[in-house]
1. Among the residues of region 122-144, which ones are surrounded by 14 or more Cβ atoms within 10 Å (Cβ to Cβ) and either at pLDDT 85 or above or more than 19 Å from the chain's Cα centre (by Cα) (or both)?
2. Of the residues 362, 370, only one is over 16 Å from residue 320 (Cα atoms), at pLDDT 90 or above, in contact with a Gly (Cβ under 8 Å, 6 or more places away or on another chain) and among the charged types (D, E, K, R); which?
3. How do the pairs read when you match residues in region 20-38 that are assigned by TED's automatic domain parsing to the domain that holds residue 113 with residues anywhere that are among the β-branched types (Val, Ile, Thr) and buried (at least 20 other Cβ atoms within 10 Å of the Cβ), using Cβ under 6 Å and keeping only pairs 6 or more apart or on different chains?
4. With respect to residue 368, is the statement that it is among the aliphatic types (A, V, I, L, M) and either farther than 16 Å from residue 145 by Cα or exposed (fewer than 15 other Cβ atoms within 10 Å of the Cβ) (or both) true?
5. So, of the residues in region 51-66 that are aliphatic (A, V, I, L, M) and free of Cβ contacts under 8 Å to residues at least 40 places away in the same chain, which turns out to be farthest from residue 101 (Cα to Cα)?
6. Kindly provide the set of residues from region 175-201 that are farther than 19 Å from residue 159 by Cα and crowded, with 19+ Cβ neighbours inside 10 Å, ordered by number.
7. Could you figure out which of (1) free of Cβ contacts under 8 Å to residues at least 60 places away in the same chain; (2) surrounded by fewer than 20 Cβ atoms within 10 Å (Cβ to Cβ); (3) touching a Ser or Thr at 6+ places or on another chain (Cβ under 9 Å) isn't true of residue 48?
8. Does region 345-374 hold any residues that are at positive phi and either more than 33 Å from the chain's Cα centre (by Cα) or of a type in the set (S, T, N, Q) (or both), and which are they?
Amino acid sequence: MKQHIILFADDDASQREVAAYRLEQAGYTAITAADGAQALDQFSRHTPSAVVTDLRMPGMHGLDLLTQIKSLSPDTAVIVVTAHGSIDSAVEAMKRGAFDYLQKPFSSEQLILCVEKALRVADIVQENRYLRQVVADKFRFESMIGTSPAMEAVFRTAAQVAPRDATVLLLGQSGTGKELLAKAIHFQSARRDKPFVAVNMAAVPETLAASELFGHAKGAFTGAIADKPGRFEQAHGGTLFLDEIADLRTELQGHLLRVLQEKTVERVGENKARAVDVRIIAATNQDLEEKARAGEFREDLFYRLNVVPITLPPLRERTGDIPLLLDHFNKKISAGSGAPPLQFSDNALRALSAYSWPGNVRELENLVERLSAITETGVVDIADLPESLRRPGGASARLFVDLPDDGISLYDIEKAAIERALEKNGGNQSRTARFLNIPRNTLLYRMDKLGIPRK
């Protein structure tokens, strides 16, 4: 285990001697300096883990020494020592980046405790930086799966926009990887060390949506027992991912537009503007431009969000990526379970490539996880696949078996599809909406347009 080096700088020889002795007793390697210039020399030669320096020394002031050390090594903890009545200098030192201060006279125990605390915090900072780097590496565009021309175009656009702080609108069906791409954009941006906050607007109850996004003050409504920051404040300095943005109700669309324009939020029940600095990445599985034209989504908000649109293709349009995705999910699940990766026969691979994948990449991952749990031989053949995947065309081929020779209108096809989906789900509209991969309000709108009664 590495032994920490502690630099103690003070023009008082007796102070240096006692401090060095106590630090050595506590298991540290102590080095000392009598003034600022000597301290800088020692710092350059030994790279100490922490520095304890008096503020008043001949030649270079302790504040100047602090500034130079922080410029050379921002992560090094610096503890300043101040005389009684010099608290203003200690406050100034804290503003310049000092970890803490000790006021003379201080005990050996106070010195050791302060150094220990500084080193613990430094270890946490270093560990957080390492973990952030691990996460950033995980969400590099190069490590995302897909070699089809459509996905290469997606990665190329995302890589170009990531460092530019522009608002991004991700378009694509559910399960195509919109949140994964949003995280990749965040972790390849200058905001990577700040929060990535995701909120699914379809999952937030309408009555709580304003509080969820903008926060609320204590007593703003029944149950608001304390002040609560919203997602905008939580994402300050980082990225806010607004998933299923099309489900945001109309009155909140205006509120969101105002926040994006003014870069301030007001908590529910509070008349105080709070500055927020966030990058917005929004996503939807609906045609947001069509909804804006139809008056179902604010056109001005659409244009504010649609700065850089990126469309993720459905899996059925990138079937060449299926073997790569299978290999990726196989290794991921195998690493977690300790079991060897599955092998897929040629017949199974052909069936997987012929399937329409209504749930897209998420459905494929769930399938691999299921097969890993139930396949005994470790080899997946076509007989091991669910019945829906063994049929040519998969889900798309099962909707209508016979089409009349004289043709059929798209109106009747859509109406029949919704009626059959409702029947399959026992008339439950929420389950039917999930089954059709559309928001519930869109289902109700289409039912009304098609003359399907709401039972």
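The values are calculated or read from the model by the stated rules, or taken from the named source; none is laboratory data. Since we're looking at a predicted model, the values are computed, not measured. Using ideal geometry, Cβ is built from the backbone for each residue, glycine included, and neighbour counts are taken over all protein chains shown.
1. 122
2. Of the residues listed, the single one that is over 16 Å from residue 320 (Cα atoms), at pLDDT 90 or above, in contact with a Gly (Cβ under 8 Å, 6 or more places away or on another chain) and among the charged types (D, E, K, R) is 362.
3. Listed pairs, sorted by first residue: 20/32; 23/6; 28/6; 30/6.
4. On the way: among the aliphatic types (A, V, I, L, M): yes; either farther than 16 Å from residue 145 by Cα or exposed (fewer than 15 other Cβ atoms within 10 Å of the Cβ) (or both): no.
In short, no.
5. The qualifying residue farthest from residue 101 (Cα to Cα) is 60.
6. 175, 197, 199, 201
7. Against the list (1) free of Cβ contacts under 8 Å to residues at least 60 places away in the same chain; (2) surrounded by fewer than 20 Cβ atoms within 10 Å (Cβ to Cβ); (3) touching a Ser or Thr at 6+ places or on another chain (Cβ under 9 Å), residue 48 comes up short only on (2).
8. Matches in region 345-374: 360 only.
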